[in-house]
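Let me begin by presenting the structure, written as structure tokens, before commenting on it.
The values are calculated or read from the model by the stated rules, or taken from the named source; none is laboratory data. Nothing here was measured: the structure is a model prediction, and the numbers come from that model. Quick reminder, even Gly has a Cβ in these numbers, built from the backbone with ideal geometry, and neighbours come from all protein chains shown. Quick note on the areas: whole protein, heavy atoms, side chains included, nothing else; ligands and nucleic acids left out. Shrake-Rupley method; radii C 1.70, N 1.55, O 1.52, S 1.80 Å.
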Amino acid sequence: MTDQLERLNRLPLRDNLRGLQPYGAPQPHVPVLLNVNGNTHGLPAKVHAAIVAAVGEAAAGLNRYPDREFSQLREALAGYLGHGLGPSNIWAANGSNEVLQQILQAFGGPGRRALSFPPTYSMYPLLASGTDTEYVTSPRAADFTLTAEAAGEAVRRTRANIVFLGSPNNPTGTALGLDVVEAVYEAGAASSAIVIVDEAYAEFARTGTPSALSLLPGRERLIVSRTMSKAFALAGARGGYLAAAPEITDALRLVRLPYHLSAVTQATALAALEHADALLANVEDIKGQRDRIVEELSALGLAPAPSDSNFVFFGGVKDPRVVWQGLLDAGVLIRDVGIPGHLRVTAGTEAETTAFLGRIRELV
Ligand SMILES: Cc1ncc(COP(=O)(O)O)c(C=O)c1O
């Protein structure tokens with residue numbers, strides 16, 4: 001046992017936190033960082049300037065608490081999402097991780113069970129243990145797909161109170177069909193399951209991929225979560241949000257901390273939303289790099305999964321650790337997600353993508 005673990009164990013830590021590792025994607029100083037699915041293109045100059053101006057203005061009022069209801073931001077987010085949504089359907093927090101945590105605080109907890117379908121986002125089990133929610137899983141098919149039938153059956157079998165559906169899923173990258181969401185929602189009626197469709201990467205989906213936003217009307221247990229960390233290039237600002245029935249947002253008011261969304265965060269997010277067009281133009285460019293990675297990895301005999309996100313999950317790698325290290329030696333950091341024969345890479349700028357492809361061509 002490490003010293004650190006021993007010292008932790010001497011504390012009266014909650015039993016369900018003992019032995020857990022914190023979320024810890026490495027943050028090393030490497031020239032080409034393609035490991036955490038951030039937006040590699042950064043903020044366009046005019047968006048940067050608009051954010052600086054908006055934050056400057058907000059700074060003048062920092063002696064006061066911010067708008068607790070972040071009304072302007074909810075209105076702007078509803079306008080951005082469309083689908084007939086209004087401000088009462090929207091909730092926001094410091095990253096979609098906090099949104100997910102608040103959902104678990106309100107609807108999970110002791111005696112409640114959350115279900116997901118691995119491989120999926122590594123924070124789901126950590127958010128569950130942090131809120132003392134039991135975490136259960138049901139596997140995907142060998143090719144990492146998930147059918148409506150299998151997902152619905154898992155919900156019925158586990159009588160889950162909360163279901164996480166990553167779509168597009170991380171680390172596999174592919175979006176789910178809406179039939180899967182519908183089947184999970186119907187199967188969840190017996191246990192009154194809250195169904196969360198985590199659409200953190202929705203803006204990168206291939207043309208024609210529908211969003212679960214279209215399923216919201218009439219489904220009061222359905223939640224679609226989104227983030228400004230990916231398409232909006234604001235991972236550092238921490239802004240995530242959800243769309244759902246107004247009663248869901250009312251439930252989250254019971255668990256949020258007072259004034260949880262700072263005036264600086266609200267101003268930043270609003271300024272970015274005003275320039276959504278410029279940010280979404282970068283998304284198109286990133287999708288181009290993503291498609292280029294899929295094509296070139298296929299040509300190398302590797303097996304990339306269809307990607308609806310800003311990253312590519314690829315199989316057919318004989319020794320992932322060796323390839324991962326070989327890339328790192330050349331200054332390119334990608335992610336070994338611990339799945340045999342597979343690695344995951346974020347789509348970079350044209351130059352970053354070229355560096356990745358050039359080196360992996362030498363390695364495989
Ligand atoms: C599937 C998925 N959901 C949610 C998040 C959380 O993003 P944030 O808290 O930055 O909004 C991530 C981040 O990588 C993710 O991959």
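How far is the Cα center of segment 214-261 from the Cα center of segment 321-337, in Å?
Their Cα centres are 34 Å away from one another.
Once label points are set 7 Å from the Cα along Cα→Cβ at both residue 257 and residue 350, what is their separation, rounded to one decimal in nm?
The two pseudo-label positions are separated by 4.4 nm.
Indicate the gyration tensor shape class of segment 207-331 (rounded, prolate or oblate), computed on the Cα atoms with a ≥ b ≥ c the square roots of the eigenvalues: a/c under 1.5 is rounded; otherwise a/b larger than b/c is prolate and the rest oblate.
prolate
Which helices of the chain meet both criteria: a Cα extent of 24 Å or more along the helical axis and a mean Kyte-Doolittle score no lower than -1.0, with helices taken as whole DSSP H segments?
Passing helices, by number: 276-299.
If you take the square roots of the eigenvalues of the alpha-carbon gyration tensor of segment 30-81 and sort them as a ≥ b ≥ c, do you get rounded (a/c under 1.5), prolate (a/b over b/c) or oblate?
Prolate.
Please give the FRET efficiency for residue 328 paired with residue 250, using the beta carbon to beta carbon distance and R0 = 45 Å, rounded to the nearest 0.05.
Here the calculated transfer efficiency is 0.40.
If 124, 135 are ordered by their accessible area, calculated over protein heavy atoms with a 1.4 Å probe, which sequence runs from highest to lowest?
135, 124
With a 1.4 Å probe and all protein chains left in place, how much of the accessible area of the chain comes from carbon and sulfur atoms, in whole percent?
With neighbouring chains kept in place, the figure for the chain is 54 percent.
Would you mind telling me which residue in 178, 11, 343 has the biggest mean-square fluctuation in a Gaussian network model of the chain, where springs connect alpha carbons within a distance under 10 angstrom?
The residue that fluctuates most here is 11.
At a 1.4 Å probe radius, which order do 220, 182, 362, 98 fall into by accessible area, largest first?
362, 220, 182, 98
Could you give me the ³J(HN,Hα) list for segment 166-175, computed from phi with Karplus coefficients 6.51, -1.76, 1.60 and θ = phi - 60°, whole Hz, x at Gly and Pro?
Karplus values, whole Hz, x for Gly and Pro: x, 8, x, 7, 10, x, 7, x, 9, 7.
Would you please state which residues of segment 119-134 a label at residue 11 would reach in this model, taking the label point 7 Å out along Cα→Cβ and a backbone N cut-off of under 16 Å?
Output list for this probe position: 130-131.
Rounded, prolate or oblate, given the Cα gyration tensor of the chain, with a/c below 1.5 counting as rounded?
The shape class here is rounded.
List the lysines whose Cα lies under 30 Å from the Cα of residue 46, skipping any in the same chain that are fewer than 8 positions away.
Counting by Cα, and skipping residues close in sequence, residue 46 has these lysines nearby: 230, 287.
So if R0 is 30 Å, what FRET efficiency would residue 122 and residue 60 give, r being the distance between their Cβ atoms, rounded to the nearest 0.05?
After rounding, the FRET efficiency stands at 0.15.
Using a 10 angstrom cutoff on alpha carbons, build the Gaussian network for the chain and name the most mobile of 56, 301, 19.
19
Answer with one residue from 223, 254, 193: the one whose Cα lies farthest towards the positive end of the charge dipole of segment 45-274, charges on Cβ with Lys, Arg +1 and Asp, Glu -1.
Among 223, 254, 193, the one farthest towards the positive end of the dipole of segment 45-274 is 254.
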